[in-house]
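Visitor: Take this structure first; my questions come after.
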Amino acid sequence: MSLLKVSNIEAGYGKVQVLWDITFEIGEEEIFVLLGSNGAGKTTTLRVISGLIHPYNGTITFNGKDLTKLQPHEIVEHGVIHVPEGRRIFPKMTVYENLRLGAYTKRAEKHFHDSLSIVYKLFPILKERRNQIAGTLSGGEQQMLAIARGLMGVPKILLLDEPSLGLAPKVADKIFGYIKEINQLGVTLLLVEQNVFRVLELADRGAVIENGRLVLSGSADELRDNPHIKKAYLGL
Amino acid sequence: MDLMIIINLLIAGIFLGALYALMSTGLTLIWGTVGILNFAHGAIITLGGYMVWVGLQYVGLNYVLSLVIVIMFSLFLGFILELFIFRPFRGKTGEFMNTIYCSLAFAESMAGIILIVFGPRYKKLPYISTGVIKVSNIIIMTTHELVLVILSISILISFWIFLKKHKYGLAMRAISQDRFAAQLMGINLNKVYLLTVGVGCLFAGVSGAFLGTVYFLSPHLGDMPLVFAFVIIVFGGLGSIQGTIAAAFILGLFQSTVGYLLGLGWSAAIFFLFMMLTILFRPSGLFGEAA
Amino acid sequence: MNKQTETFIKNLLITAGIFMVLPAFVGDYNMTILTMFFIWAIVALAWNLLLGFSNIWAFGNLVFFAVGGYTAAYLSLKMGIPPVLGLIAGGCAGAIAGIIIGVPTLRLKMIYLALFTFSAEEFLRNLVVLPEFSPYTGGPIGLQFIPQFKLFNISFLILHYYLGLFLFLLSVSFTWWVENSKIGLALRAIAGSEEAAEAIGVNTYKYKTLAFLVSAFITGIAGAFYSYYFGSITSGALSFELLVSIIFMIVVGGEYSFSGPIIGALVLTFLDEYMRSHIGGLMSNVRLIVMGAIIIGTLLKYPAGLIGFVKQTWSKIKINILSENSTEK
C-alpha cells in the first residue's frame, strides 16, 4: 500500500535541469532512504515533493491525491512535512515558539498539546530548554528541535534532509535512534542521507540517485549487498 | 539649565518619540516580513490625517470615532498596495527596486487625489481634549498629548503581544527570520503578506491621524515623516522592531532638545549628518545584525 | 571605428539635426519645454551612469545639481564671474561634491549606499536654507537675480534653447564615450558583480570614484545652466519631488539602456507640462494621478521601461516584415 508515489519527475532550477525521470514509491510506516553523493539531486527531490519547486514534468501522488501543482502550505496540510537540510530553525525564537510554529496548520493545531507531550517525552532536553532562544542551542539540539518541530505538524510522512550533517558521530547516533523511535510511533519516513552505512541499517527500502537519475532501488538488504554501492559509497 | 525647560523638552521628546515609533513600526514590519521598502508610507500617513477630516466634516463624527474610518481606510489601502503593486512583482527580477518605484508612483497619485478632493489649503484638526497637566502650577503637557502618547504606546504594546502570542504574529516573525522554513510550517505566505502590509499601513494611517493634530493637515503632512521613518528604521537596525522603537524615541528626544537649542533647521541638518555617519560606521544600527 | 559607434554618431547627428531645426516649426511655448527637457535629460542621463549602468544605487545626485547651481549663481551674482565660466565652475564644483560623496560610499552596499546618498541630499537641503548661510546661499529665499547669458541681441528663448541643446549633445556624447571606454567596461563588470570584478583585477574603488566624478561633473553643469536659465536657485533644486521625477524619467524610459533616460525625460517633461497648462485649476493635479499610473503601468507591463516597449514593438514589426517577405514566393 503505497503512501507516496513519485512518478517520472523532471525538475530543475529555472532553465537548469537537475532531475530526470525520478520514480519511486514509499509504503506506509516504511523508512525509505535516498542515497547519493553531493549535488546528485536528493535535496531537489525532497523540494519537489514538499512543493518548494514545481517540476517540469511528472507527478507526486500522496494517499491517492495529486500534490504536484499545490503550494507548499497546502502540501503541509496534507501531512507531508519536510525538515530541511541545515535544520533551519527560527534562530531568534524560543524552543517553544519554534514548536508552536510546527503546529501551524489547523490539522496540527487540534493536536497541539498531545504532540507537545510526545515531543517533550522523546526529547526531554527540549522541554528543559523550552524558553531558550533557538539560535543558542548546540548543533545536535537544533537538529532535535528541527525534527521535533516537524513532528508537531502531525506528519503522515516526514521528509528528513541530512539529519546527521555536521554532527559528531555520537550525536548522529542518537539522532538515528530517535528516527527509529519516531518510525515506531507509526510515522512514515523519507530520509536523505550521506552516512550510507549507518542509514542502511535503519532503512526498510531505498534508492540511489546519481547525477539526477535514479540508478538503483530496492530493499535495504539488496542495496547493502549491491557491489556498486559497496564500492562507491562504502569503500569496500 | 532651568529644570522646567528640561522637563518640557523631555516630555516633548517622548511625545514625538511615541508618534514616530508608531509611524516607523509599520515600515519596519513590512520590510522585515515582506522584504519591501514601502515608499507609499508617507502618503498613507497623510491620508490618515485626511480621513479624520472626512469623519469630522462629512460624517459628523468626533475625532475618536473618526479614527474608525482611519483604521478601515488604511487597512484597505494596505490591501490595495499588496494586491496590485507588491504582489505582481513578487519573485520577478528587480522586485526590490520596482516596488520602490511603484510605491513612490502610488504616493504621487495619492497626492494628486488629495489635492483635487481636498484642495491645497492647510487644515487644522481638533484636539481630543482641551485640558492641560500641571505640575506645581506650571503646564508641562496637554491632555491631548497625553492621550496620544497613551494610545500610541497601547497600540504598540498590543501589537507586541500579538507578535509574541498569536499565530499570525508568530508567522510574521518566522517569515522575517527564515522565509523558506516558514513555508514548510504550512504558512500561507501571501495571506500573511496581505495581513502584514495591512497592519503596516494601519499604523501609518493612525500615526497620520495623530500627527495631523500636531502639525497642520496638508498634502505634505507625510513627506518629512516618511524620510524620518527611513532614518529611524536604519538607525534602529533594519528589521528589528525593538530597534525601531528605541531609535524613534531617541530621534524624538534629539529633535526636541537640539531643535530647542539650535532651531529646527539645524536639528534636521545635524540629524542627517548623523545618519550618514551611522551608515558609514555602524550600518547595522542599534539592534540590527552585523553588516 | 566600430559599428556601434558609427550607429551612435549617425543617431546623434540625426537627433542634433532635428532639434536644431525644430524651433522653426514649434512655438515658443514648446521651445521652453524643450529647454527644460534638455536640462532634465542631462541630469537623468548622468544619474543613470551610476544607477542603471554601474548598478550603483546613488540617490543623491541632486546634491551635484544644486552644488553646481549654487556655485555658478554665487560666482556670477556676488563675484561677477561671466556665465560661461560659471558653467564650468559649476561642473567642477559638482565634481568635487561627487568625490566627497562618492568616496565614503565605496565600501557601502546597495541599500546603505542609497540611504547615505539620500541623507546627503537631505542634509544639504536643510543646510542651504539656514539663515546663517544667507550670504552664500541666500538662506530660505535662495539666490535671486542671477546674471544671465547674453549674446548680442539673440532672443532669450532662442539663446537658451540652443545653449541647452549644445550642452545636451555634449553630455550625450561624453556619457556615450565614457560608457564605451575602458572605464565603461570596468563599470559594467562592477555592475554585474563587484566581487567578480575585483577578482579579475579591476580596481573597483578607482572606477566607482570615476563614475561619481563624471556623473557629478555633468550634473553640476546642468545645475549651473538651470541657475542661469531661471535666474534663481532655491532649495527646490534638492526637493524630494524633483528627485522622484528624475528617477521616474530614468525608470520609465528604461534604466538599462543608454537612451532610456532621455526618452523618459522627453515623455514625462512634456506630459507634465501639457497637463499642467491644459487642465486648469485644482483639476490640474490630475497630472499627478496620471503620472503615477503611467509609472506603475509601464513597470508592470514593461519592467525594462518604455525602451523595452519600443524594442519589442520594433522586433514584432521586423518579424512581420520578414515573414511577409518569405511568404511571397
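The values are calculated or read from the model by the stated rules, or taken from the named source; none is laboratory data. Model, not experiment: these values are computed from the prediction. With ideal geometry, Cβ positions are generated from the backbone for all residues, glycine too; neighbour counts draw on all protein chains shown. Accessible surface is based on the protein model in full, side chains and every heavy atom, while ligands, DNA and RNA are left aside. Shrake-Rupley method; radii C 1.70, N 1.55, O 1.52, S 1.80 Å.
Visitor: Give me the distance between the Cα centres of region C:39-115 and region A:49-73, rounded to whole Å.
Guide: About 54 Å separates the Cα centre of region C:39-115 from the one of region A:49-73.
Visitor: Quick check on chain B: helices-only [θ] at 222 nm, where DSSP H runs of length 4 and up contribute -39,500 (n - 2.57) each and the sum goes over total residues. Nearest 500, please.
Guide: Mean residue ellipticity at 222 nm (helix-derived): -24000 deg cm²/dmol.
Visitor: Quickly rank B:260-273, C:42-55, B:210-223 as a protection proxy: mean count of other C-beta atoms within 10 Å, highest first.
Guide: With the highest mean Cβ count within 10 Å placed first, the list reads C:42-55, B:210-223, B:260-273.
Visitor: Kindly identify residues of region A:88-134 having a loss of at least 30 Å² in accessible area between the isolated chain and the assembly of all protein chains, probe radius 1.4 Å.
Guide: A:ARG88, A:PHE90, A:LYS92, A:MET93, A:GLU97, A:ARG100, A:LEU101, A:TYR104
Visitor: If you don't mind, another one. Would you mind giving the mean number of other chain beta-carbons within 10 Å of the Cβ of each residue in C:26-37, as a whole number?
Guide: Mean partner-chain Cβ count within 10 Å for C:26-37: 0.
Visitor: Tabulate in residue order the Karplus-calculated ³J(HN,Hα) for region B:111-117, using 6.51 cos²θ - 1.76 cosθ + 1.60 with θ = phi - 60°, rounded to whole Hz; enter x for Gly and Pro.
Guide: 4, x, 4, 4, 4, 6, 6
Visitor: With charges only on Cβ, +1 for K and R and -1 for D and E, what is the dipole size of chain A about its Cα centre, in debye, rounded to 20?
Guide: 680 debye
Visitor: Which entries of B:LYS123/C:LYS301; A:LYS65/B:LYS165; C:LYS3/C:LYS318; B:LYS191/C:LYS316; C:LYS10/C:LYS208 have Cα-Cα distances beyond 32 Å here?
Guide: As for pairs spanning more than 32 Å Cα to Cα, those are B:LYS123/C:LYS301; A:LYS65/B:LYS165; B:LYS191/C:LYS316.
Visitor: Ranked from highest to lowest mean number of other Cβ atoms within 10 Å per residue, what is the order of the peptides C:293-300, B:243-250?
Guide: Peptide ranking by packing, descending: B:243-250, C:293-300.
Visitor: Taking amide H atoms as placed 1.01 Å from N in the peptide plane, list the residues 5 or more away in sequence, or in a different chain, whose amide H sits under 5 Å from that of A:THR94.
Guide: Correct list: A:ALA134.
Visitor: A follow-up question, please. What is the antiparallel percent of DSSP beta bridges lying wholly in the protein assembly as shown, to the nearest 5?
Guide: 60 percent
Visitor: So what J values fall out for region B:12-28 if you push phi through Karplus, 6.51 cos²θ - 1.76 cosθ + 1.60 with θ = phi - 60°, rounded to Hz, Gly and Pro as x?
Guide: 4, x, 5, 4, 4, x, 5, 5, 5, 4, 4, 5, 7, 4, x, 5, 6
Visitor: Hey, what do the phi angles of region B:193-207 turn into as Karplus ³J(HN,Hα) couplings, whole Hz, using 6.51/-1.76/1.60 and θ = phi - 60°, x for Gly and Pro?
Guide: With coefficients 6.51, -1.76 and 1.60, one gets 4, 4, 4, 4, 5, x, 5, x, 6, 4, 4, 4, x, 5, 5 Hz.
Visitor: Measure out, as a whole number of angstrom, how far apart the alpha-carbon centroids of region A:87-160 and region B:51-71 sit.
Guide: 46 Å
Visitor: Tell me which of A:PHE197, A:GLN142, A:LEU34 sits at the most positive position along the dipole axis of chain A, charges placed on C-beta atoms (Lys, Arg +1; Asp, Glu -1).
Guide: Positive-end residue among those listed: A:GLN142.
Visitor: If you count the DSSP beta bridges with both ends in chain A, what percent of them are antiparallel, to the nearest 5?
Guide: Within chain A, antiparallel bridges account for around 55 percent of the total.
Visitor: Defining a contact as two alpha carbons under 8 Å apart and six or more residues distant in sequence, what relative contact order in percent does region C:179-325 show?
Guide: Averaging sequence separation for qualifying contacts and normalising by length gives 15 percent for region C:179-325.
Visitor: Also: Do any of A:LYS92/A:LYS121; A:LYS5/A:LYS69; A:LYS15/B:LYS92; A:LYS110/A:LYS180; A:LYS127/A:LYS174 go past 22 Å between their Cα atoms, and which?
Guide: Pairs exceeding 22 Å: A:LYS92/A:LYS121; A:LYS110/A:LYS180.
Visitor: Same structure again: At a probe size of 1.4 Å, how large is the accessible area of A:GLU29, to the nearest 10 Å²?
Guide: 100 Å²
Visitor: Okay, next question. Indicate the helices, whole DSSP H runs only, in chain C that combine a mean Kyte-Doolittle hydropathy of 1.6 or more with a Cα extent along their long axis of 18 angstrom or more.
Guide: Helix filter hits for chain C: C:83-105, C:240-253, C:286-301.
Visitor: Taking the Cα centre of the protein assembly as shown as origin and charging only Cβ (+1 Lys, Arg; -1 Asp, Glu), how large is the dipole, in debye to the nearest 20?
Guide: It comes to approximately 320 debye.
Visitor: Sticking with this one: So for region B:68-220, averaging the separation of alpha carbon pairs under 8 Å that are six or more residues apart and normalising by length, what relative contact order in percent results?
Guide: 43 percent
Visitor: Then there is this: Could you please state, rounded to a whole Å, how far the C-alpha centre of region C:139-167 is from the C-alpha centre of region C:279-311?
Guide: 31 Å
Visitor: A further question on this structure: By per-residue mean of other Cβ atoms within 10 Å, what is the highest-first order of C:16-24, A:4-12?
Guide: Taking the mean over residues of other Cβ atoms within 10 Å, the ranking is A:4-12, C:16-24.
Visitor: How much net charge surrounds A:PRO163 when only the other residues with a Cβ under 10 Å from the Cβ of A:PRO163 are counted, with Lys and Arg +1 and Asp and Glu -1?
Guide: The answer is -3.
Visitor: Within 10 Å of each Cβ in C:116-129, how many Cβ atoms from other chains are there, averaged over the peptide?
Guide: The per-residue average across the peptide is 6.
Visitor: Related question: Please determine, in degrees from 0 to 90 and to the nearest 10, the orientation of helix B:143-165 with respect to the longest principal axis defined by the Cα atoms of chain B, where the helix direction is its Cα long axis.
Guide: 20 degrees
Visitor: Right, here's the next one. Amide H of B:GLY131: which non-local residues (sequence gap of 5 or more, or other chain) have their own amide H closer than 5 Å, using H built in the peptide plane?
Guide: Counting only residues 5 or more places away or on other chains, the set is B:THR143, B:HIS144.
Visitor: Using 14 Å as the cut-off for backbone N distance, which residues of region B:8-22 belong to the label zone defined by a point 7 Å from the Cα of B:VAL132 along Cα→Cβ?
Guide: Counting backbone N atoms under 14 Å from the label point, the list is B:8.
Visitor: Name the long-range amide H neighbours of A:THR188: under 5 Å, sequence gap of 5 or more, or other chain; modelled H, no Pro or chain starts.
Guide: HN-HN under 5 Å from A:THR188: A:GLU29, A:LEU158.
Visitor: Between helix B:241-262 and chain B, what is the angle of the helix's C-alpha long axis to the longest principal axis, kept within 0 to 90° and rounded to the nearest 10?
Guide: Between the helix axis and the principal axis of chain B, the angle is about 30 degrees.
Visitor: Once both labels are modelled 7 Å past Cα along the beta-carbon direction, what's the C:THR313-C:VAL26 spacing in nm?
Guide: So the two model labels end up 1.8 nm from each other.
Visitor: Here is a follow-up. Provide a whole-number value for the mean count of partner chain Cβ atoms within 10 Å of the Cβ atoms in peptide C:299-306.
Guide: The mean count of partner-chain Cβ atoms within 10 Å per residue comes to 3.
Visitor: Relative contact order for region C:1-130: what percent, with Cα pairs under 8 Å and sequence separation of 6 or more?
Guide: Over region C:1-130, the number comes to 25 percent.
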